[in-house]
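Read the structure below first, then the notes.
The values are calculated or read from the model by the stated rules, or taken from the named source; none is laboratory data. Owing to the predicted nature of the structure, the values given are computational and were not obtained by experimental measurement. When we count neighbours, we look across all protein chains shown, and the Cβ atoms used for this are built from the backbone with ideal geometry, even at glycine. These accessible areas exclude ligands, DNA and RNA; they are computed on the full protein's heavy atoms, side chains included. Shrake-Rupley method; radii C 1.70, N 1.55, O 1.52, S 1.80 Å.
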Amino acid sequence: QMQLVESGGGLVHTGGSLRLACTASGRTFSSAAMGWFRQTPGKEREFVAAISWSGGSTYYADSVKGRFAISRDNAKNTMYLVMNTLRPEDTAVYYCAARFGLRSVRDNKDYDIWGQGTQVTVSS
């Protein structure tokens with residue numbers, strides 16, 4: 001069974017940048033499509049970005065397109081999310097998730113394994 005651990009969250013001012021990392025252990029990381037989601041209190045976990053197992057395909061929510069970049073390094077069992085030009089509305093707990101098989105990229109219900117989350121706070 002794969003385990004996922006996020007890191008890199010923190011407090012940043014509007015316009016700042018952060019890089020999140022998601023490190024996997026256990027089941028083969030390179031066979032999994034991966035995604036980032038975020039959640040604020042009282043709201044459903046929303047899609048942020050996703051990447052195919054090879055890294056050849058990437059997907060973004062409209063709200064982060066052009067500001068965030070997802071990538072992965074299969075040799076290091078790690079996925080990244082570089083977040084630039086951060087806004088207060090980006091404040092959330094960010095989760096990484098793994099998906100096996102051909103299912104929806106953007107639906108959190110189609111992801112099989114989740115990390116514990118890392119808090120990102122953007123101050124205005």
>> How large are Rg and Dmax for the range 23-124 when calculated on the C-alpha trace, in angstrom?
In response: 13.1, 40
> Label point 7 Å out from LYS65 along Cα-to-Cβ: which residues of the range 18-54 have amide N under 14 Å?
Replying inline: 48-50
> Rank ARG106, ARG67, ARG87 by accessible area, highest first, at a 1.4 Å probe radius?
Replying inline: ARG106, ARG87, ARG67
>> Tell me the carbon and sulfur percent of the accessible area for the range 1-92, rounded to whole percent, probe radius 1.4 Å.
In response: 50 percent
> lysines near LYS43 by alpha-carbon distance under 22 Å, same-chain residues fewer than 8 away left out - which ones?
Replying inline: LYS65, LYS109
> Using a Förster distance of 35 Å, how high is the FRET efficiency between SER25 and SER124, based on the Cβ-Cβ distance and rounded to 0.05?
Replying inline: 0.40
> Taking Cα pairs under 8 Å and at least six residues apart, what relative contact order does the range 1-111 come out at, in percent?
Replying inline: 32 percent
> Given the protein chains as shown and a 1.4 Å probe, how many square angstrom of TYR59 are accessible, to the nearest 10?
Replying inline: 80 Å²
>> Using +1 at the C-beta of Lys and Arg and -1 at the C-beta of Asp and Glu, which of PRO41, GLY56, ALA92 has the Cα lying farthest in the positive direction of the dipole of the chain?
In response: GLY56
> Could you give the dipole magnitude of the chain about its Cα centre, charging the beta-carbon of Lys and Arg +1 and that of Asp and Glu -1, in debye to the nearest 20?
Replying inline: 140 debye
> Per q in 0.17, 0.19, 0.24, 0.31 1/Å, what log10 I(q)/I(0) does a Debye calculation on the alpha-carbon atoms of the range 1-54 return?
Replying inline: -0.72, -0.86, -1.13, -1.25
>> Can you give the FRET efficiency to the nearest 0.05 for ARG106 and ALA75, using r as the Cβ-Cβ distance and R₀ = 22 Å?
In response: 0.20
> the range 76-124 to the range 54-74: how many Å between their Cα centroids?
Replying inline: 11 Å
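Might you tell me the accessible area per residue for the range 8-124, computed with a 1.4 Å probe and given in Å²?
49 Å²
Test of understanding: what is the full-extension gain from GLU44 to THR58, defined as 0.36 nm times their sequence separation minus their Cα-Cα distance?
Details: separation 14, 0.36 × 14 = 5.04 nm, distance 2.22 nm.
My answer for the length gained is 2.8 nm.
Over the range 49-88, what is the relative contact order in whole percent, taking alpha-carbon pairs under 8 Å and six or more residues apart?
Result for the range 49-88 is 31 percent.
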>> As a test of reading the structure, rank LEU102, LEU18 by solvent-accessible area (1.4 Å probe, protein chains only), most first.
In response: LEU102, LEU18
